[in-house]
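The values are calculated or read from the model by the stated rules, or taken from the named source; none is laboratory data. The structure displayed is predicted, hence computed values, not measured ones. Cβ: placed from backbone, ideal geometry, glycine included. Neighbour counts: every protein chain shown.
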Amino acid sequence: PVLRVAILGLGSYGERVAEAMKDCKRAKLVGVISGTPSKVKTWQAKYGIPEKNCYNYENYDQIKNNPDIDAVYVITPNGLHKEQSIRVAKAGKHVICEKPMAVNAKEAQEMVDACKAAKVKLLIGYRMHFEPKTLEIIRQRKAGEFGKVLFFQGLSGFIIGDPTQWRLNKKLAGGGAMMDIGVYSINGSRYMIGEDPIWVTAQETKNNPQKFKEGVDETIQFQLGFPGGAVASCLSTYSMNNLDRFFLNGDKGFAEMAPSTGYGPIKGRTNKGELEYPHVTHQTVQMDEMSDIILQGKQPIVPVDGEEGLKDMKIVDGIFLAVQTGKKVDLKL
Ligand code: NAD
């Protein structure tokens, strides 16, 4: 079976997903939701989208009467995810929502509840959860190849450009680097270690308060403690490039990924050597797998559901609280 998808938000990542979906076997782009009529026309021509599957931000509740669309993929600024995802759920369609799923845990919980009430699935765009080298390292860790895991380091960052973009607007982004790129280290620490953290400490550095206004984080270092005794040490920043690296260490071995979360190719090695897997386009694999999850109830190796996204949002809340108070914050995921 083929999952018939409409994309809501025709920006740069939406376009990347649309291009990747051309190679999907079990998912197909069939519709669009956009506030810009000229973009709708371009996408219709480019992807062969029929007029009856085109909606705008005023009328997309009507998608409930469209039997030719199964799911809507929300790919807009973070601050819009909650309201849009809930509207999609109320229209009876499955929701795929980009990361971060919302701007805090309260919003994320509302999304989980709304999708449950509407009896639709909610998946978050965690493309790394389907990436072959990542999955191989997770397999090896589960098989005990690294022994008792004691340490994870996650480095996530890049230098952000245009100061007027939505990513530097507190209302639309929900924060700064943490919401955009720091979440990769948060999420990565969990799938690499294989546990959920129980505490967090965090420290913020802001060198450019003109560019990074109140509530928009520039650089945050954070530490997570895990129930099995492992610790994670992570960096999230919008002020340095060449930060895309995961390092996992146990008492018998290690794994390193660099790049660890970019669009690829991902590079991975362990104490036994390089991982040799062919590069796959992340979003192609993601959408085929999400089709199986939604239409056939397949269980992914690493979860991508709303509860998984909610856990990351609880950690983000904890990091911001730890920065504010300077104190260690207990986490209850
Ligand atoms: P973008 O700015 O390129 O696109 C955003 C789209 O939302 C645009 O088409 C814009 O017109 C539309 N939009 C609707 N209402 C808007 C408003 N009020 N203000 C601004 N834009 C509005 O951004 P993007 O890079 O495509 O990011 C979109 C989402 O995708 C974000 O949540 C981001 O975190 C996520 N993303 C995920 C990945 C990934 O690898 N999983 C990569 C990039 C972006």
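Note on the stretch 287-333: residues that are of a type in the set (Asp, Glu) and assigned to a strand (DSSP E or B) amount to 2.
Residues of the stretch 110-120 include none that is within 16 Å of residue 256 (Cα to Cα), surrounded by 23 or more Cβ atoms within 10 Å (Cβ to Cβ), within 14 Å of the ligand (Cβ to nearest atom) and in contact (Cβ under 8 Å) with a residue 24 or more places away in the chain. Only residues that are touching a helix residue (DSSP H, G or I) at 6+ places or on another chain (Cβ under 9 Å), outside any loop (DSSP other than H, G, I, E, B) and surrounded by fewer than 17 Cβ atoms within 10 Å (Cβ to Cβ) were counted across the stretch 171-216, and they come to 4. For the stretch 45-100, the set of residues classified as within 16 Å of residue 29 (Cβ to Cβ), away from the ligand (no atom under 15 Å from the Cβ) and of a type in the set (A, V, I, L, M) consists of 45, 49, 63, 69, 71, listed by residue number. Within this structure, residue 184 passes the test of being of a type outside the set (A, V, I, L, M, F, W, C), within 11 Å of the ligand (Cβ to nearest atom) and within 14 Å of the chain's Cα centre (by Cα). All of 124, 137, 160 fail the test of being crowded, with 23+ Cβ neighbours inside 10 Å and either within 12 Å of the ligand (Cβ to nearest atom) or within 15 Å of the chain's Cα centre (by Cα) (or both), apart from 124. Residues of the stretch 1-18 that are more than 9 Å from the ligand (Cβ to nearest atom) and either in contact (Cβ under 8 Å) with a residue 60 or more places away in the chain or part of a loop (DSSP other than H, G, I, E, B) (or both): 1, 2, 3, 4, 5, 6, 7. Checking the stated criteria, residue 103 turns out not to satisfy the condition of being away from the ligand (no atom under 16 Å from the Cβ), within 20 Å of residue 311 (Cα to Cα), assigned by TED's automatic domain parsing to the domain that holds residue 32 and not charged (D, E, K, R). Here residue 228 meets each of (1) surrounded by fewer than 18 Cβ atoms within 10 Å (Cβ to Cβ); (2) among the small types (Gly, Ala, Ser); (3) within 17 Å of the chain's Cα centre (by Cα) with one exception, condition (3). Taken over the stretch 170-221, the residue count meeting the criterion of being of a type in the set (D, E, K, R) and farther than 19 Å from residue 304 by Cβ is 9. Within the stretch 19-38, the set of residues being over 21 Å from the mean Cα position of the chain (by Cα), within 13 Å of the ligand (Cβ to nearest atom) and surrounded by fewer than 16 Cβ atoms within 10 Å (Cβ to Cβ) comprises 35, 36, 37, 38. In the set (1) more than 16 Å from the ligand (Cβ to nearest atom); (2) outside any strand (DSSP E or B), the condition left unmet by residue 232 is number (2).
Whenever a residue of the stretch 68-79 is not assigned by TED's automatic domain parsing to the domain that holds residue 166 and among the aromatic types (Phe, Trp, Tyr), its partners that are within 10 Å of the ligand (Cβ to nearest atom) and not in a loop (DSSP other than H, G, I, E, B), lying with C-beta atoms within less than 6 angstrom and at least six residues away or across chains, give the pairs 73/7.
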